[in-house]
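Chemist: Please read through the structure below; I'll follow up with questions.
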Amino acid sequence: MAEITMDGLTKRYPDGFEAVRNMDLDIKDGEFVILVGPSGCGKSTALRMIAGLEDITEGELRIGGDVVNDRAPKDRDIAMVFQNYALYPHMSVRDNMGFALKLRGLDKAEIDGKVEEAARILDLEQHLDRKPSQLSGGQRQRVAMGRAIVRDPAAFLMDEPLSNLDAKLRVQMRTEVSRIQQRLGTTTVYVTHDQTEAMTLGDRVAVMRTGVLQQVGSPMELYNEPVNLFVAGFIGSPAMNFMPATLEGDTVRLPMGEVRLPQELRERVGRVDGKTLIAGIRPENFEDAALTGEARDRGATFRARIEVLESMGSELYAHFSVSSDQSIESEELRELAEDAGGGEIPMEGESGHIVARFDPQSQVRVGEEAEIWVDSSKLHLFDPEDGRNLTTEKKGPAATGDGQSPVGQDPNARPEEGETRPDAAS
């Protein structure tokens with residue numbers, strides 16, 4: 001096991017495109033760190049630099065305290081699990097898992113011992129003599145993990161290993177990956193586009209955007225204290241609702257009504273009276289006003305016509321629209337909308353679509369007007385010019401998990417127009 005340190009890591013291609021820019025990240029011995037972000041943000045490029053599959057343009061990479069910038073992949077004592085399994089179809093599971101050890105020249109008895117131990121960890125003992133074609137997708141992914149485990153490396157690198165699995169199997173494999181990592185205690189860097197995987201798997205999560213690290217912290221830290229608009233919109237499912245807002249004194253004017261900020265939040269925001277801001281409210285910070293009880297005094301209520309209801313059994317998603325005579329322009333919101341599949345950009349016109357999560361006991365009905373409560377203590381306010389979260393305790397554009405130092409450089413800097421490199425970043 002070993003710690004991994006990235007000090008000013010940069011990947012610049014001959015055409016000038018920077019896939020990763022000045023990346024600073026310390027990964028502790030035995031820690032499980034997730035790199036997450038939209039397609040093209042540079043997360044896979046960063047992982048490939050750690051693995052030695054991409055040259056480092058600038059900066060220093062240390063594994064276990066040793067600088068490894070110029071070391072070949074085989075000399076870095078790492079094991080990588082790929083998205084496409086990369087199994088040899090003509091070999092049995094046993095031979096696939098032990099192939100790297102065979103190349104090292106280990107004797108057959110030692111190889112068999114390591115393979116069988118890994119098979120016990122991964123529940124593959126009954127499949128050792130089968131070929132990959134005889135296995136399910138989840139079993140093949142476990143074989144790929146087994147091939148990494150038998151090497152007993154200093155670190156595991158995983159590049160979207162679950163993305164080829166169906167939804168139900170991904171949930172099962174998330175649990176398996178977490179259980180295996182905790183049992184082995186090996187330093188792990190895991191790349192994913194799926195923020196649900198990031199929130200459920202990692203000790204810490206590093207959010208990237210256009211090659212720059214935005215924020216690093218525990219899953220709940222990123223969820224509760226996002227440092228900017230991009231992190232707030234990327235983390236959370238369903239995504240945070242955004243809308244234009246104006247602050248006057250301690251009152252925030254929103255499209256659905258006025259919300260009074262608690263004193264602590266008002267003090268954090270500072271003097272921005274009269275300026276159009278972007279307000280963010282998570283779906284779970286709404287509730288059917290009839291069910292709020294004593295919590296009603298901690299927020300504000302308004303009325304809206306329910307357009308769609310989605311019953312999930314344990315929760316109820318209510319969709320409604322709000323209108324505003326203001327509009328918001330934000331590159332971060334545009335990028336988030338494009339990453340989500342080209343959907344509408346929240347509140348960039350005269351009306352906006354809002355999603356609220358209610359208790360399943362709610363009696364609201366489609367087509368009827370409902371009284372809805374919003375928790376004012378959970379309101380986020382963002383500066384539309386630079387995306388900073390004005391209501392969070394961390395005031396920098398990005399912060400480490402301990403909140404002591406900034407990560408990366410200008411999070412809003414973008415490549416020049418026309419510079420695209422689909423093979424350069426994840």
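None of the figures in this text is laboratory data; all of them are computed from the coordinates on show. No experiment lies behind these values; they were computed from the predicted model shown. Please note: Cβ atoms are built from the backbone with ideal geometry, for glycine as well, and neighbour counts cover all protein chains shown.
Chemist: Determine how many Å³ per residue the convex hull of the Cα atoms of the chain encloses. Numbers along the way, then the final one.
Modeler: Details: hull volume 67.5 nm³, N = 426.
That works out to 158 Å³ per residue.
Chemist: Filter the DSSP H helices in the chain by two things, a Kyte-Doolittle mean of at least 0.5 and an axial alpha-carbon span of 30 angstrom or more, and list the hits by number.
Modeler: Working: long enough: none.
Helix filter hits for the chain: none.
Chemist: Give the residue from Gly105, Asn164, Ser311 lying farthest towards the positive end of the charge dipole for the chain; charges sit on Cβ (+1 for Lys and Arg, -1 for Asp and Glu) and the dipole is referred to the Cα centre.
Modeler: It is Gly105.
Chemist: Given the -39500 (n - 2.57) contribution per DSSP H run of 4+ residues, what per-residue ellipticity at 222 nm results for the chain, rounded to the nearest 500 deg cm²/dmol?
Modeler: Values: 10 runs with 102 residues, N = 426.
The per-residue figure over the chain is -7000 deg cm²/dmol.
Chemist: Asp250's amide H: which non-local residues (gap 5+, or another chain) put their own amide H closer than 5 Å, with H modeled 1.01 Å from N in plane and none for Pro or chain starts?
Modeler: HN-HN under 5 Å from Asp250: empty list.
Chemist: What dipole magnitude, in Debye to the nearest 20, does the chain give about its Cα centre under +1 on Lys/Arg Cβ and -1 on Asp/Glu Cβ?
Modeler: Numbers: 49 positive and 74 negative charges, 280 e Å.
With only Lys, Arg, Asp and Glu charged at Cβ, the dipole is about 1340 debye.
Chemist: Would you work out the relative contact order for the chain, in percent, from Cα pairs under 8 angstrom that are 6 or more residues apart?
Modeler: Numbers: 916 pairs, mean separation 80.3, N = 426.
The value is 19 percent.
Chemist: Moving on to the next point. Quick check: Cα centre of the stretch 59-126 to Cα centre of the stretch 186-221, how many Å?
Modeler: For the stretch 59-126 versus the stretch 186-221, the Cα centre distance is 24 Å.
Chemist: Which one of Val374, Met208, Leu247 is farthest out on the positive end of the charge dipole of the chain, using unit charges on Cβ (Lys, Arg +1; Asp, Glu -1) and the Cα centre as origin?
Modeler: Met208
Chemist: Ranked highest first by average number of other Cβ atoms within 10 Å, how do 216-225, 102-111 line up?
Modeler: On the way: 216-225: 19.8, 102-111: 11.4.
Descending packing order for the listed peptides: 216-225, 102-111.
Chemist: Report ³J(HN,Hα) in whole Hz for each residue of the stretch 361-367, in order, from the Karplus equation J = 6.51 cos²θ - 1.76 cosθ + 1.60 where θ = phi - 60°; Gly and Pro get x.
Modeler: 7, 4, 9, 5, 10, 5, x
Chemist: For the chain, build the charge dipole from Cβ charges (+1 Lys, Arg; -1 Asp, Glu) around the Cα centre, then report which of Pro262, Met49, Ala295 sits farthest towards its positive end.
Modeler: Met49
Chemist: When ranked by the protection proxy of mean other Cβ atoms within 10 Å per residue, highest first, what sequence do the peptides 382-388, 87-93 form? Spell out each step's value before the answer.
Modeler: On the way: 382-388: 19.0, 87-93: 15.7.
Ranked from most to least packed, the peptides come out as 382-388, 87-93.
Chemist: Let me ask another. Mean separation of Cα pairs under 8 Å and 6+ residues apart, divided by the residue count of the stretch 58-134: what relative contact order is that in percent? Display every interim value, and only then the final one.
Modeler: Working: 45 pairs, mean separation 23.6, N = 77.
Dividing the mean separation by the residue count of the stretch 58-134 yields 31 percent.
Chemist: With an 8 Å Cα cut-off and a minimum separation of 6 or more residues, compute the relative contact order for the stretch 229-382 in percent. Could you put the intermediate results ahead of the total?
Modeler: Numbers: 309 pairs, mean separation 51.6, N = 154.
It comes to 33 percent, rounded to a whole number.
Chemist: Ignoring solvent entirely, what values of log10 I(q)/I(0) come out of the Debye formula for the stretch 74-217 at 0.20 Å⁻¹ when each Cα is a single scatterer?
Modeler: Once normalised to I(0) and log-transformed, intensities are -1.27.
Chemist: About the Cα centre of the stretch 229-382, how large is the charge dipole given +1 on each Lys and Arg Cβ and -1 on each Asp and Glu Cβ? Please answer in debye to the nearest 20. Numbers along the way, then the final one.
Modeler: Details: 15 positive and 29 negative charges, 74 e Å.
So the magnitude is around 360 debye.
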